[in-house]
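In what follows, a single structure is set out as structure tokens and then discussed.
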Amino acid sequence: LALDQHGTASKVSTFQKTGKLTPEEFVIAGDFLVENFPSWSWGSGLPEKHRSHLPPDKQFLQTRNVPCYPRSNRAIAENELGEDEGGWVETGLAGDDGDNMDAVAEIEVGMGAATIGGDAAAAASSGSGDADDGDADGDDDDFDDVESLDDYDYDGSAVVEDDDAAALPAAEEGAATVGNRMYDMTITYDVHYSTPRVWLFGYDANHQPLKKDEWREDFSEEHVDKTVTYEAHPHLGYSCPSIHPCRHAQAMLRLVQMIVGDTDGSVDVKFYMMIFLKFIQEIIPNIEYDYTAWAM
Amino acid sequence: QTRHRAMAQLLRFASFASSPDIAFWHALSRQKLDHMKLSEAARPVHGFYPIGDRPDVPARLCLGDTAFGDDPVAELPALACPAKGILMNSNTLDAFKTRDLQADVAVVAQNIWSDIQSGEALRNTSLLTQFLLLTFADLKKYHFHYWFAFPALKCTADPQVMSTKPVSSVYSPEQLDALAKGADSLRQKSRTTAAFIVTGDGSSVEPLASDKLSCDVTVGFFDPCGLADNPGWPLRNLLVLLSQTLAKDGAKTVRILCYRERVQDGTPDISHSIVLEVVLPKAHEKPECPDFVKGWEKNPKQKLTPRICNLSATMNPTHLADTAV
């Protein structure tokens, strides 16, 4: 697969001058990604969140369980996680919602009005409100009330235990499969910036949602405090880290110009998502999603 | 590095690691609020398993936001097979903890056996992987208690493996190419294909059919496992089906292709697939559901207890409030 560069004027899309995509072009580029990279598929999301400018069955792109390779400090952290008393890996951000949201608000303030659009600021502040509402009953403030089911006797272990020598013990599945985080990754179309927008939801090696700010380790340091925010997903109704699209068009424009170089050629818009994902890889270097069919 | 084993060994299977994603828990919350309400009736749920795309990732049984939809294969990733699940949701933690686990899992095992007996599992091979999911959704706290079981019927004896070889030592690069193309076109025709027949020199891939099945063909299945020495869980019930079809008169040897596929640099790569020579035990004679492995998933500490997922921080409370009854 190679980038086809050709000069027919009618094929020149606006994205080559602006780095932005129309919804139609988002679908064209997404279709190409899905056709060539089978780990990606289209998603439709919640019906009431459908955007009319996109086909109902092509609202966003998704890939699940993308491995994220350990960073130096992670192995230790996960070993400790496995030693939780009570046997339950306690997950989620219970009791820390408020703090976390405050942190996001600070990030937003730090970024300043010049780089963040009004909609993002609004989303951040409404996110903060959600967290407050969620805590209203006070339940979430008490982390200890996550019930443990360890002590329950299921009428003798014979009910659940198998005498099954043919099941490979987990320990024999090999160290290679142990310790990797995974991410669900989605790409939505951001109307305000007319670019794709990336959302990531992380799990630990036991497929439990990452705790608190653990996801921050998986974003490049230079970006994590600048362009990554924690917001409500536009199609799926939960909140997760997202790479803010305020600089995407600019970056894409630069990449497209780099590819075209001094020639009169153009880049077919169908390659947009692959170029975009290449650019995003710099922000999430350890998350190994699929896009590499060609070298830039 | 062809591995030849002089002696038959117990064939051991890698179990599934359940991977319900955040969007699934969200979908379950909505189902509970909008449709299930106080009903504890069992209901179907659609899962899927990716085909051994990465050797360093365990075999996963995934559930996403389409788990409760009308279409079992909606938004199914290209390299994945559907798996039919039964969800039994309890309204209270107490009810969840006091379920009749033996009876619950027997429902699924019985379904698998019925589908094998009726021939339905031969036509729709994805029915060989059916699972049970017990849940209690605490929607006040967004805590989800859950327990997966992946039942596997037992053959009259444990299947033995005579040899395990990398696919490249069995097929030429050209044959591998043809295999990948054949598997792809089979998937295009039917997304519920989980097993198939590879005929002759490996150039032709066809749907499983009783008149085509014999000990002379290779039986392939889409393998969620990436390990070099072991197949994934779906082979267990497939071997029962094969035993019932091919080994009525006594034990037989069959060749199994554990088909795994990943995409590398834009082209399909199936080189991490493996080929097994398996001794199929004699078929069950009685029509009743045979003994089965219950396959309850262990928790991360390898204990046989349910798991819990705490999503209090990531669920969107205002959205749920909108849909609350």
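Bear in mind that the values in this text are calculations on the coordinates, not laboratory data. Small disclaimer: the values here were computed from a predicted structure and weren't measured. Ideal geometry is used to build each Cβ from the backbone, glycine not excepted, and the neighbour counts take in all protein chains shown.
Rounded if a/c is under 1.5, else prolate if a/b beats b/c, else oblate: with a ≥ b ≥ c from the C-alpha gyration tensor eigenvalues square-rooted, which is chain B? In terms of gyration-tensor shape, prolate. For chain B, adding -39500 (n - 2.57) for each run of n ≥ 4 DSSP H residues and dividing by the number of residues yields -7000 deg cm²/dmol at 222 nm.
For the listed peptides A:16-27, B:58-69, a ranking on the average number of other beta carbons within 10 Å per residue, highest first, reads B:58-69, A:16-27.
Would you mind giving the mean number of other chain beta-carbons within 10 Å of the Cβ of each residue in B:297-307, as a whole number?
Working: counts 1, 2, 6, 12, 9, 3, 4, 6, 9, 6, 7.
Counting other chains' Cβ atoms within 10 Å and averaging over B:297-307 gives 6.
Packing order of peptides A:41-48, A:164-171, highest average first: A:41-48, A:164-171 (average count of other Cβ atoms within 10 Å over each peptide's residues). Taking the longest Cα principal axis of chain B as reference, the axis of helix B:234-246 is set at about 50 degrees. Taking the Cα atoms of the range B:264-308, the ratio Rg/Rh between the radius of gyration and the Kirkwood radius comes to 1.19. With only Cα atoms counted, the range B:238-283 has Rg and Dmax values of 14.7, 48 Å. Straight-distance candidates among the lysines for linking to B:LYS282, with alpha-carbon spacing under 16 Å and chain neighbours fewer than 8 residues away dropped: B:LYS154, B:LYS248, B:LYS252.
Inside 10 Å of the C-beta atoms of A:32-41, what's the mean count of C-beta atoms belonging to other chains? It would help to have the intermediate numbers written out before the result.
On the way: counts 0, 0, 2, 1, 4, 3, 13, 9, 2, 7.
What the average comes to for A:32-41 is 4.
Under a point-charge model restricted to the Cβ atoms of Lys and Arg (+1) and Asp and Glu (-1), what is the dipole moment magnitude of the range B:167-269 relative to its Cα centre, in debye to the nearest 20?
420 debye
In terms of the mean number of neighbouring beta-carbon atoms within 10 Å, the peptides B:216-224, B:183-191, A:225-233 order highest first as B:216-224, A:225-233, B:183-191. Taking a ≥ b ≥ c as the square roots of the eigenvalues of the Cα gyration tensor, the range B:93-165 is classed as prolate, since a/c reaches at least 1.5 and a/b is larger than b/c. What translational diffusion coefficient, in µm²/s and rounded to a whole number, does the Stokes-Einstein relation yield for the range B:20-149 at 20 °C and a viscosity of 1.002 mPa s, taking the hydrodynamic radius as the Kirkwood radius over Cα pairs? Calculated translational D: 138 µm²/s. Across the range B:105-117, coupling constants 3J(HN,Hα) worked out from phi with the 6.51/-1.76/1.60 Karplus curve, θ = phi - 60°, read 6, 5, 4, 5, 4, 4, 4, 4, 5, 4, 5, 6, 4 Hz, and Gly and Pro carry x.
Which links in A:LYS58/A:LYS278; A:LYS20/A:LYS270; B:LYS97/B:LYS298 stretch past 18 Å when you go from one Cα to the other? As for pairs spanning more than 18 Å Cα to Cα, those are A:LYS58/A:LYS278.
Against chain B, whose longest principal axis is taken from its Cα atoms, helix B:22-31 shows a tilt of about 60°.
For the range B:148-212, rounded, prolate or oblate, judged on the Cα gyration tensor with a ≥ b ≥ c (square roots of eigenvalues), a/c < 1.5 rounded, else prolate if a/b > b/c?
Here the range B:148-212 falls in the oblate category.
Close amide-amide hydrogen proximity is noted between B:ALA247 and B:ALA283, each under 5 Å apart and 5 or more residues distant or on a separate chain (H modeled in the peptide plane; Pro and chain starts excluded).
Calculate the mean, over all residues of peptide B:136-143, of how many other protein chain Cβ atoms lie within 10 angstrom of the residue's Cβ. Before the final figure, lay out the partial values.
On the way: counts 2, 0, 3, 0, 3, 10, 6, 8.
Per residue, the average neighbour count from other chains is 4.
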